[in-house]
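Remarks on the structure that follows.
No value in this document is a laboratory result; all are computed from the given coordinates. This structure is a prediction, so every number in the text was calculated from the model and none was measured. Methodologically, a virtual Cβ is constructed for each residue, glycine included, from the backbone with ideal geometry; neighbour enumeration extends over all protein chains shown.
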Amino acid sequence: MPTDSLSRANTLHTLLKTHFGYDHFRPLQEEIITHITAQKDAFVLMPTGGGKSLCYQLPALYFEGITLVVSPLIALMKDQVDALTANGIPAAFLNSSLTVGEMKRVQEKALQGELKLLYIAPERLAVPDFQSFLQSLPVSLVAIDEAHCISEWGHDFRPDYRNLRRLREQFTAVPVVALTATATHRVREDIIEQLGFQNSPTFISSFNRDNLSYHVRPKRNSFMGLVDILKKHPQESAIVYCFSRSDTESMAANLREAGFTALPYHAGLSSETRKANQDKFIRDEVQIMVATIAFGMGIDKPDIRLIVHMDLPKTLEGYYQETGRAGRDGLPSECILFYSYGDKMKQDFFINQLEDPLERTNAQQKLTHVIDFCQLETCRRAYLLHYFGEMWEKQSCDACDACLTPREQFDATEITKKILSAVVRTGERFGLKYVTDVLIGAKDKKIRERGHDMLSVFGIARDMPESDVMQIMASLVTRQFLMKNEGEYATFRLSQRAKQFLLENESIMLAKPLVREISLSRRKKTKGELEYNQDLFEVLRVLRKELADARGVPPFVIFGDATLQEMATYYPRDNQSLREITGVGDTKLKQFGPTFLPVISDFVTQHDIPDARPISTLRLVRRGAEEKEGLTSTYLETKRLLDERFSVEMIAKARNLTEQTVLSHVEKLLLEGTDVITDHLKFEVEDYKRTAIEKAFLQSGTESLSQVKAALGDAYTYTDIRITRILLRHHL
Ligand code: ADP
Ligand code: MG
Ligand code: ZN
């Protein structure tokens, strides 16, 4: 390697640490920056959170003169300039939010050479005066962020981006870098064409977001499921996507009732309300945004830890983009989608209203991919990446539900026969839920009215949890044993394939539904997650919020979560060790060190924390931590599983509790008046035993378990007796 490129590499690393506080480049950043600092054009394709900004911000520091950054969103410009300023990098923006006076002041600063970066809104470029102003600047680099806005094929085309051609013609000798996270080929090609990038290299990083984990959960009791998930992310920013505007409003209200801070966001709200809600979210004053997909474009919040889709996304492109808003800072974050086959109908309804037949077919195909993704029994990450034309060869990604809990296969011949015959006996004109109710013998008025409780299939699957039956039926739809009838409602009939199965007495293996659901709600710590001191982290968060409010900036501008987590792991107590922490550069060290260091020192003294740990050695040893489960969440988990009609035995096994503990949860829940489903528990105690136990309770005249046990003898377990007592108390 020639010495000058070696010294350039050194310079770049030094700039990275002193100005941004980072120790390493992210994938491709160094290659891109090296290329740009050699004064060559570049086209950069990197997923959201990949670290595109640094690709032009660091060259801006390397070059003499000024870097122009074209960016489409006013809010983003302000956040970026705030973040740069906090790092001691002189930057400003010019857009319609400024007064004429402010505008003038920024322009003067730029002309005096006092700015390294100047963010401009594309519509400025059409103003002739502005062009001559630009012409008099010593421009060393032009960066076009969110470059997909130039393409009409993109989802957020901006006519003003067409002015960029002019900018390029104006600065022929200046390198141009265009950056986008857009994954579609058509848009990429359009950008290259529009900007005349034919001979410039394209840098494409992998679109895999390895700090995101993907989960799909069956959509039953989804609100409880959501509450459960949110409890595992206390204080962490989350977006909950809903299908309609009114859904977002009612969901936000329900979440507030359940004790969370949540606000809605959708296109029907006034722009003031939208802005106010978004600001509260960005400033960590509200934990949850409940939004339609209208939300997300205008924010770069780096520490969103959770994205939940309560309804089916329309396309995988949209899903990738919406989930992509999680974990920009690289810390582990979760993406969870609640799926029910019924939701497909909701989408179908809208697709059928599309007038252009081509558009309709297209939308239908995109939706089919979403359904396939949901019903997948193999790696979800692999499916997503393949969909976007990227190869993913690994056996397991270790961070999707399919890879974390591979679904065991089981011999589903019996239950399949039962399901198929229930579909036939009820006349092949009902939905999955109704047929399930018949199979598990649900006490349902409609079933009785139709006389379906008299069928031989009524209750023949009562030994199985309802959600298992539902999931198996969904598998049978996927395997095309069950076919959807024409018409508005999702009703099913047997396919030729199913008839053949019955006729030839075949057998069938299907994925076991149960394990997946039970194990899912335990959040696993992903590799690379620090085992930091939660209490100190909280203290530092509060401090960060105070500093941010005093300066009128979002908290992440002060320090990101990764920085606070490292502080709460390594307890830096002097400038030297504080500077070792990621995200702490020279300016922030000077500005915030004096505030943070004493707080950390006090904490260490008060909590008797042993000597500060050496960072360089420990940084490598990151391991997962055992999760402490709160009292309330353990009850809620039992309730959730009961509501899904799991047996006490299965709940105990899955949660590693004794049956007695689970039963004590049930009793406590009922005592507090919580509504839990317990009907199915009677199938756990044989009829004759239940009768005998009931009699023993009556005769003994007590509610004492041990007395009844003593009266009945060893043939009866405490579980039998306790279940019967619950049923006696609550069903008589
Ligand atoms: P993009 O524009 O590609 O979505 P950003 O430029 O907003 O991504 O960067 C996402 C986050 O990653 C920011 O919080 C940023 O500070 C952080 N980041 C960027 N580069 C690095 C790096 N080399 N080391 C650590 N964090 C980084
Ligand atoms: Mg960006
Ligand atoms: Zn996977």
Net charge around Gln347, counting only other residues with Cβ within less than 9 Å of its Cβ (Lys, Arg = +1; Asp, Glu = -1)?
0
With an 8 Å Cα cut-off and a minimum separation of 6 or more residues, compute the relative contact order for the range 92-185 in percent.
27
How many angstrom lie between the C-alpha centres of the range 237-252 and the range 645-724?
39
Using the basic label-point model (7 angstrom from Cα toward the beta carbon), what is the Ile74 to Asp411 distance in nanometres?
6.9
Would you list, by chain and number, the lysines whose Cα falls below 21 Å from the Cα of Lys445, excluding same-chain residues fewer than 8 positions away?
Lys433, Lys682
List the trypsin sites (Lys or Arg not before Pro) within the range 1-50 that DSSP assigns to loop and that have no more than 11 neighbouring Cβ atoms inside 10 Å.
none
FRET efficiency, 1/(1 + (r/R0)^6) with R0 22 Å, evaluated for Thr634 and Gln235 via beta carbons:
0.65
DSSP beta bridge pairing in the chain, given as percent antiparallel to the nearest 5:
15
Which is farthest toward the positive dipole end of the chain among Ser244, His215, Ala442, measuring Cα position about the Cα centre, with Cβ charges +1 (Lys, Arg) and -1 (Asp, Glu)?
Ala442
Cβ density ranking, 10 Å radius, fewest first, applied to Ser140, Ser222, Ser507, Ser271 yields Ser271, Ser507, Ser222, Ser140
Run the numbers on the range 218-342 and let me know its relative contact order in percent, using alpha-carbon pairs under 8 Å that are six or more apart.
31
Against the 2.2 N^0.38 Å scaling, with N counting residues, where does the chain land? I'd like the Cα-based Rg ratio to two decimal places.
1.11
Would you kindly calculate the translational diffusion coefficient of the range 58-115, applying Stokes-Einstein with the Kirkwood radius from alpha carbon pairs, for 37 °C and a viscosity of 0.692 mPa s, and quote it in µm² s⁻¹ without decimals?
271
With 27 Å as the limit, write out which pairs from Lys280/Lys346; Lys366/Lys394; Lys301/Lys588; Lys78/Lys231; Lys17/Lys545 have Cα-Cα distances beyond it, or answer none.
Lys280/Lys346; Lys78/Lys231
For His386 and Lys445, calculate 0.36 nm times their separation in residues minus their Cα-Cα distance, and state this gained length in nm to one decimal.
16.5 nm
Mind checking which of Gly330, Met289, Gln365 is farthest towards the positive end of the range 277-389's charge dipole, using Cβ charges of +1 (Lys, Arg) and -1 (Asp, Glu) about the Cα centre?
Gly330
Within the chain, which DSSP H helices have Cα atoms that stretch 24 Å or more along the helix axis and a mean Kyte-Doolittle hydropathy of at least 0.0?
586-606
Among the aspartates and glutamates, which fall within straight-line cross-link reach of Lys275, defined as a Cα-Cα distance under 15 Å, with same-chain neighbours fewer than 8 residues apart omitted?
Asp79, Asp284, Glu285, Asp300
Helix-only mean residue ellipticity at 222 nm for the chain, each DSSP H run of n ≥ 4 adding -39500 (n - 2.57), per residue, nearest 500
-14500 deg cm²/dmol
Where the only charges are on Cβ atoms (+1 Lys, Arg; -1 Asp, Glu), what is the dipole of the chain about its Cα centre, to the nearest 20 debye?
680
Could you work out how far the C-alpha centroid of the range 47-63 sits from that of the range 416-470, in angstrom?
59
